[in-house]
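Here's the structure, in structure tokens; my notes come after.
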Amino acid sequence: MTEDACTQTPGSGGARSSTSRSLFGCCGIAGAVSRTKKPPPDFHWRALHAVVSLGANFRLWHRCGTSTVRPVDAAANKQLVTEIFDELARGDGRALRDAMADDFRWTFPGSWSWSGTWAPKQVVLDGLLGPLFAQFGDRYECHADLILADEDRVVVQARGRVTTKRGDAYHNTYCYIFRLAGGRVTEVIEHCDTALVERVLDPISPAPLRPTPVPEPR
């Protein structure tokens, strides 16, 4: 919507035509409203179809004075996560650390002893990953078996392999849900073998953000 369209009053001349051209033009719809006083019968269906068709690959932000269509690049998100796991398979976690946004969050869902959320990035590194990796006696490796991307989320099925300092094998299986924005990882939700974690690893400090308990059914 143009600045003129935002400031015109209902009684000003030409306001309807200017507003119509700006509002619907930003969605890629021909200016049918601006050329005729009465829109064609199927105009609203055409407008709805054009907006809905953007939903699969774009997010639309519309503010008075600016109109922006910003692509969500699932392929680029998948590539970034693939590169992270290529490094993790070699025992190098720096790619993951460097990709974390400052407000990054790591969540274990559910109601087990590690459930909760660590945030932001520095809390994740110091409060979760630091104490976790301090228990490992050799290099931790994580291999991705499947990586799927959909808009701003990337799902990874993976296998980890390491030996603890006590000599226990810690070979966990994972389903990670990554969320990305602007080429950075903003969130990881980790599903894993919780029984293995509690049997092999020492407890760490509780998550700063604990999940809300689900009330028992009556």
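List of remarks:
- Net charge of Cβ neighbours under 12 Å - reference Ile147; Lys, Arg +1; Asp, Glu -1: -2
- Using R0 = 25 Å, the C-beta based FRET efficiency linking Tyr174 and Thr82 works out to 0.95.
- At R0 = 25 Å, FRET efficiency that the Cβ-Cβ distance of Asp193 and Gln122 yields, to 0.05: 0.35
- Summed side-chain charge close to Phe104 - residues other than Phe104 whose Cβ falls under 12 Å, Lys, Arg +1, Asp, Glu -1: +1
- In nm, spacing of pseudo-spin labels at Ser205 and Leu129 (7 Å Cα→C-beta vector): 1.7
- Chain lengthening between Val72 and Asp92 when straightened (0.36 nm per residue, less Cα-Cα): 4.4 nm
- Across the range 90-107, computed HN-Hα scalar couplings (Karplus, 6.51 cos²θ - 1.76 cosθ + 1.60, θ = phi - 60°) run 9, x, 10, x, 5, 5, 5, 4, 5, 7, 5, 6, 4, 9, 4, 10, 10, 10 Hz from first to last residue, x flagging Gly and Pro.
- Computed from the Cβ-Cβ distance with R0 of 25 Å, the FRET efficiency linking Arg161 to Ser113 stands at 0.65.
Throughout, read-outs are computed from the coordinates displayed, never taken from laboratory work. No experiment lies behind these values; they were computed from the predicted model shown. Ideal geometry is used to build each Cβ from the backbone, glycine not excepted, and the neighbour counts take in all protein chains shown.
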